[in-house]
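The values are calculated or read from the model by the stated rules, or taken from the named source; none is laboratory data. As the structure is a prediction and not an experimental result, all values here were calculated from the model. Virtual Cβ from ideal backbone geometry, glycine too; neighbours counted across all protein chains shown. The area values use the complete protein model at the heavy-atom level, side chains included, leaving out ligands, DNA and RNA. Shrake-Rupley method; radii C 1.70, N 1.55, O 1.52, S 1.80 Å.
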Amino acid sequence: MAVAALEIVGLCLGVIGLIGTTSVTGMPQWRVTAFIESNIVVFETIWEGLWMNCIRHANIRMQCKVYDSLLALTPDLQAARGLMCVAVILTLLAVLIAIVGMKCTRCTGDNERVKGYIVLTAGIIFILAGVIVLIPVSWTGHNIIRDFYNPLVDLAQKRELGEALYIGWATAGVLIAGGAILCCTCCCAKEEKNQYSYSPQQATYSSHHVARRTASTYSKSQYV
């Protein structure tokens, strides 16, 4: 029962991670305008994402434009595009695999060993997806912080960490946690199986021992 509950918790974390990964991939708030020193044009905010950049005017109107060319993007954004798409595919695949291998489903019959291996596979994929999400988010954050403190970069070109990066870090943690829980359920299932396993040799020995004691008791009672 405890193993089934852990599987549900791990699957729920995986679904949350899937939603977060998809949201981070599509959000334009990876880089946002930095209002520092003379750059105080607060009525206009610039967002730069993986697929488009947006300009928001005084919280009233927002205009977005998709990037014209992939080659015009910086290397970190090009890599982030590919890695985030791979992370979305892996997370979706892990969710489907976890559903197939859960104890409350009958997709693979009642073979607990096969289900354990399926859940373990889903957990490993979740952890791998979390690491893949963590790479582009951390890489982009590092470049933003490096350019922010670089005196050679023009003030108008400096950016700050956007909301998508913070959500990406949280999503990576959720995916890794969900994958770790699913991997732990496989170990817990093996321990429970060993704890409640039935030994035929021990049962045969016990039955023979009880039979001998019973026969000895009856033989003594006959002499009384």
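Judged by the mean number of other Cβ atoms found within 10 Å, the most tightly packed of the peptides 93-106, 122-135 leads the ranking 122-135, 93-106.
So what's the net charge close to ALA80: Lys and Arg +1, Asp and Glu -1, counting the other residues with Cβ under 15 Å from its Cβ? Once positives and negatives cancel, what remains is +1. Leaving ligands, DNA and RNA out of it, work out the accessible area of SER138 with a 1.4 Å probe and give it in Å² to the nearest 10. SER138 has an accessible surface of roughly 50 Å² with all protein chains in place.
With all protein chains in place and ligands, DNA and RNA left out, the 1.4 Å accessible area ranks ASP147, ASP68, ASP110 as ASP68, ASP110, ASP147, largest first.
Please give the net charge around ASN143, taking every other residue with its beta carbon less than 10 angstrom from that of ASN143, where Lys and Arg add +1 and Asp and Glu add -1. After counting each charged neighbour, the total is +1. Neighbours of THR33, meaning other residues whose beta-carbon lies under 10 angstrom from its beta-carbon, give a summed charge of +1 when Lys and Arg score +1 and Asp and Glu score -1.
The residue list ILE97, PHE126, ALA79 was ranked by how far each Cα lies along the charge dipole of the stretch 72-142 toward its positive end, using unit charges on Cβ atoms, and ILE97 comes out on top.
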